[in-house]
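First up is the structure itself, then whatever we jot down about it.
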Amino acid sequence: MFAKIEGGEVVELQGDTVTGLPYHFCPPSKGRIIVGKQGIRHPSRLKHPLIREGERGEGKWRRISWDEALDIIAKRLLEIKERYGPEKLAIMLGEVKGTEFAFAQRFATAYGTPNVFTPANYCGVATGMASYYTFGDTHILARAPVYYYRPKVLLLWGTNYIDSGGSFNKLRGQDVHYAILNGAKVVVINPYNIIIDVEGLSPDPREHKLKNLRRASDADYWLKPRPGSDGILALGMIKVIIEEGLYDQRFIDEWTVGFDRMRQEVTTFTMDDVEKWTWVPKDTIAEVARLYARNKPGVIAWGNALEQTVTSLQTTRAIAILRGITGNVNTPDGGETLYEPAPMERPGHFMLGGELKEVLQRYPRSPERTIGGEFPLALRNAYVPTQLFTRSMLEGRPYQLKAALIMLSNPVASYPNSAKVVEALKKLEFIVTIDIFPTPTTEISDVVLPAATYLLERDDIGYWPGWYGDVRVYPKLLDPPGEAWSDVRIINELAKRVGLEKYFFKDEYEAFDR
């Protein structure tokens, strides 16, 4: 991306269309800008630390200095730790951009709380664990084969890559466009006729020949499964492939265990059952299964709609098995690729390892200490499912939390049942929220801290998701408005105030170097 700065202000943002690289070899932007400059200098931005005066939600605030804000927060956090124990602090995080997520998790470890809430149960962990338990690795992507191997079939499963493709999605509209230009068949699996418009995404001279794929109904196949039945649909496709002998015998012989048990499993139901439970005609399911199995390489691009149900892990495992039995994983011909991690300190080690191990011995993130002990895969991924916050506060199960540090997140809007979330938040003794704009959550907080955006206003490193073997740089080109600080600086300075400087850094740049 290129930014034009004049007089300390951004006057233009544009994608990297100048370097001469083909659009499909520039993963971060591909010549497109998904964040406008309007938000950077919006008049509603938070600019100064604020402390509540009056009742929560009354809208009465007093401006304070950073020193005063950090001292107030540190005093309350130390009191809560001494009086109730460190696990009574909830740290609520949203989606990671730079290193702020890792810093907040590191703070949680050093402080001693296992109760860190993230969006992981809606995004990432189900698919990551499905890949791990199926392939032995969480880093599986569809991206490289689209560039280099020209897949013959694309299954867009529970996703809408034009409207919701983010900065690190596995496959985006440009990738779909590129695949179609090279003759790929497209199957859309989604109950809704979503727009997946790929028109105008590339300067490719062949664009006028592009198939008109503006909606799901324009794809070669559009499957509309009953919401929540995707796992059954995947098992139906597996049944067809196994019973018609369309699987990759060589791949199965060399790389799989348990295939005979899978063969037995699919005899326990009929395709009539699959049609009944999914609402998708069994003949259509069979046609798509044959298309995917017979035309390699094939790519399944799944979205996190598949992670929104109680069966998300088993649903995504079934789809992972579908990839495996057709031999579309890590093969010379393409398909899905297992990536090696980027050559850097792993985020999990930064959050939980090294010198922090001594703290974890005293304050382990164990089922006995957290409010999410019944979810072992969540604990393994260093988070507590968000819905348990409300249960903790309103039902006292297994105990009530006392304070919250909220960053990158607006729980009132994004946690299940907003009215209950507000009721639960108001039961906390102390709430600190770090944000860029006022939100429904900042309105009921006790201290509100202004954050700099990761776009242009702070130096930071983008390590997430680490799938591409890359590290991204976010250079600071502008001063943030007012007295806003980067999230990383806020956490690093707060750690010093509560006596955790041993586990933190002189400044964020020391951490970036590490």
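The values are calculated or read from the model by the stated rules, or taken from the named source; none is laboratory data. Values in this document were obtained by computation on a predicted structure and should not be read as measured data. When we count neighbours, we look across all protein chains shown, and the Cβ atoms used for this are built from the backbone with ideal geometry, even at glycine. SASA here: full protein model, heavy atoms, side chains in, ligands and nucleic acids out. Shrake-Rupley method; radii C 1.70, N 1.55, O 1.52, S 1.80 Å.
Results, tabulated for the structure shown:
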{"item": "Solvent-accessible area per residue for region 35-115 (1.4 angstrom probe, square angstrom)", "result": "42 Å²"}
{"item": "Nearest-0.05 FRET efficiency for Gln387 and Lys75, computed from C-beta distance (R0 30 Å)", "result": "0.45"}
{"item": "Long-range HN-HN contacts of Phe117 with modeled amide H, under 5 Å", "result": "Ile91, Met92, Leu93, Val384"}
{"item": "Whole-percent carbon and sulfur share, accessible surface of region 406-466, 1.4 Å", "result": "58 percent"}
{"item": "Whole-number D in µm² s⁻¹ for region 380-514, Kirkwood Cα-pair radius fed into Stokes-Einstein, 37 °C, 0.692 mPa s", "result": "195 µm²/s"}
{"item": "Euclidean distance of C-alpha centroids, region 352-389 and region 256-325, integer Å", "result": "33 Å"}
{"item": "Anchor Lys4: aspartates and glutamates whose Cα lies under 15 Å away (excluding residues fewer than 8 positions away in-chain)", "result": "Glu12, Asp16, Glu457, Asp479"}
{"item": "Charge dipole of region 326-445 about the Cα centre (unit charges at C-beta), most positive-ward option of Pro411, Gly373, Gly348", "result": "Gly373"}
{"item": "Cα shape, region 251-360, gyration tensor, a/c 1.5 rule", "result": "prolate"}
{"item": "1.4 Å probe accessible area per residue over region 385-443, in Å²", "result": "37 Å²"}
{"item": "Cα-based shape type of region 307-366, given that a ≥ b ≥ c are square roots of the gyration tensor eigenvalues and the cut on a/c is 1.5", "result": "oblate"}
{"item": "In nm, spacing of pseudo-spin labels at Asp333 and Arg63 (7 Å Cα→C-beta vector)", "result": "6.6 nm"}
{"item": "Förster radius 56 Å - calculated FRET efficiency between Glu345 and Thr268, Cβ distance, rounded to 0.05", "result": "0.75"}
{"item": "Å² per residue, accessible surface of region 225-286 at 1.4 Å", "result": "58 Å²"}
{"item": "Dipole of region 225-378, positive direction: furthest Cα of Thr256, Gln314, Thr326, with charges on the beta-carbon", "result": "Gln314"}
{"item": "FRET efficiency for Ser366 and Leu246, using Cβ-Cβ distance with R0 set to 45 Å, rounded to 0.05", "result": "0.45"}
{"item": "For region 246-370: relative contact order, % (alpha-carbon pairs under 8 angstrom, 6 or more apart)", "result": "26 percent"}
{"item": "Formal net charge of residues neighbouring Tyr363 (Cβ-Cβ distance under 15 Å; K, R +1; D, E -1)", "result": "+3"}
{"item": "Listed residues His177, His349 arranged by accessible area, highest first, probe 1.4 Å", "result": "His349, His177"}
{"item": "Assigned charges on the beta-carbon of Lys, Arg, Asp, Glu; region 395-514 dipole about Cα centre (debye)", "result": "460 debye"}
